[in-house]
Amino acid sequence: MRVGFVGIGAMGQGMAESLLRAGHEVTVWNRTRERAEPLRDQGASVAATPAEAARTGTVLTMLSDDRAVEAVEGGPDGIRAGLPRGGLHVSLSTLSPGTVARLAEEHAGAGQVLVAAPVFGRPDAAAAAKLSVVAAGPTEAIERARPLLEAIGQRLFVIGSDPAQASLVKLAGNFMITAVIEALGEALALVGKAGVDRERFLEVMTETLFSAPVYKIYGRALLEARFSPPGFKLPLGAKDNRLFLHAGEHHQVPLPLASLIRDRMLGALARGYGELDWAVIGHLAAEEAGEPELAAKS
């Protein structure tokens, strides 16, 4: 299947490679061309503009935020200009529901279709094609995109026909991850300061009540103070938290825990942790307990 891929960052690199391994004919574009060039050796073509990548008829985008997606959408060199009538744009990015709804309307006005398909997983999962994909949009368009989405992930979840719903599910999921990180950070700070072996504590928790991968992955990261290189930078997590809070305000749903997480993220950014993984917010509990060295103990 011919497909364009826009955004060769930490996540997009692995996704594009997965598409190539699955036998798809991939044309890639990245704002910094040097990041896209190595994919030539794996069989990809490198486009000069987003419009050129979109001329394949189906284009996937994996970009950092709403502004980055909007920057490649419009104008003579943008995705809408290059995508033919009947063309499909699959947005893999984590965006605000409002932005997704607006993009869907703009594509519809150009005779095109948008599917929102944000993913759960870190760069290692992207490289191994083990992402979980949450998709929403017209049924026919999702089925058209299915071979591509199944090539980058281990499971595809179809949420509904409204693309904005997939965006909200992704934001809610990311919020729940941050709640896990905060809970782990507080619990590890307390048991560690009280003299309990933190590694043994984590073993008990993750092999009984909390055996889900998210507890194991982030519990281990906190135990080892492993925040660099980041799998997901703190500022991006703060962006998603902000979008989640905006959605709550829009729907008049109080989100007190999300507000606490916002303050945790602001505190971490104020400490200069902006280049670290968002798991660093779980480190703040040990700092506030006067035991920052706990973050380096096992």
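Bear in mind these aren't lab numbers, they're just calculated from the coordinates by the rules spelled out. What you see is a predicted model; the values in this text were computed from it and never measured. Don't worry about glycine lacking a Cβ; one is built from the backbone with ideal geometry, like all the others, and counts go over all protein chains shown.
Can you spot the aspartates and glutamates whose alpha carbon is less than 16 Å from LYS170's alpha carbon? Ignore those fewer than 8 places along the same chain.
Filter leaves ASP65, ASP66, ASP162, ASP240.
Peptides 159-165, 180-186: what's the order by average Cβ count within 10 Å, highest mean first?
The densest-packed peptide leads the list: 180-186, 159-165.
In whole angstrom, and with the biggest value first, how far do the Cα coordinates of the stretch 85-238 range along each principal axis?
65, 28, 27
Is the shape of the stretch 168-296 rounded, prolate or oblate, going by the alpha carbon gyration tensor and its root eigenvalues a ≥ b ≥ c, with a/c under 1.5 for rounded and a/b larger than b/c for prolate?
Here the stretch 168-296 falls in the prolate category.
State the antiparallel share, in %, of DSSP beta bridges confined to the chain, rounding to the nearest 5.
The antiparallel fraction comes to roughly 15 percent.
In sequence order, what are the phi-derived ³J(HN,Hα) couplings for the stretch 39-50 according to the Karplus relation 6.51 cos²θ - 1.76 cosθ + 1.60 with θ = phi - 60°, rounded to whole Hz, with x for glycine and proline?
After applying 6.51 cos²θ - 1.76 cosθ + 1.60, I find 6, 4, 5, 9, x, 7, 9, 10, 7, 7, 9, x Hz.
Using a 10 Å cut-off on Cβ atoms, rank the peptides 224-233, 110-119, 207-216 from the highest mean neighbour count down.
110-119, 224-233, 207-216
Tell me which lysines have Cα within less than 29 Å of LYS193's Cα, excluding those fewer than 8 residues away on the same chain?
LYS216, LYS233, LYS297
Net charge near GLY98, counting Lys/Arg +1 and Asp/Glu -1 over other residues with Cβ under 15 Å of its Cβ? Let's see the in-between values first.
On the way: positive: ARG67, ARG102, LYS170, LYS239, ARG242; negative: ASP65, ASP66, GLU70, GLU73, GLU105, GLU106, ASP162, ASP240, GLU249.
With Lys, Arg at +1 and Asp, Glu at -1, the net is -4.
Rg to Rh for the chain: what is it, with Cα atoms only and Rh by Kirkwood?
Rounded to two decimals, Rg over Rh is 1.01.
With the contact rule set at Cα under 8 Å and sequence spacing of 6 or more, what percent relative contact order holds for the chain? Don't jump to the answer; show the numbers that get you there.
Details: 560 pairs, mean separation 41.7, N = 298.
Answer for the chain is 14 percent.
Remind me, relative contact order of the stretch 47-200 in percent, using alpha carbon pairs under 8 angstrom and six or more residues apart? Spell out each step's value before the answer.
Working: 256 pairs, mean separation 27.3, N = 154.
Computed over the stretch 47-200, the figure is 18 percent.
How much mean residue ellipticity at 222 nm does the chain get from its helices, if each DSSP H run of length 4 or more adds -39500 (n - 2.57) and you divide by all residues, to the nearest 500 deg cm²/dmol?
On the way: 14 runs with 153 residues, N = 298.
After summing the helix terms and dividing by the residues of the chain, the value is -15500 deg cm²/dmol.
Taking the stretch 46-85, how much of its Cα-Cα pair set, in percent, is spaced more than 16 angstrom apart? Don't skip to the end; give the middle numbers.
Working: 205 of 780 pairs.
The proportion of pairs with Cα distances above 16 Å equals 26 percent.
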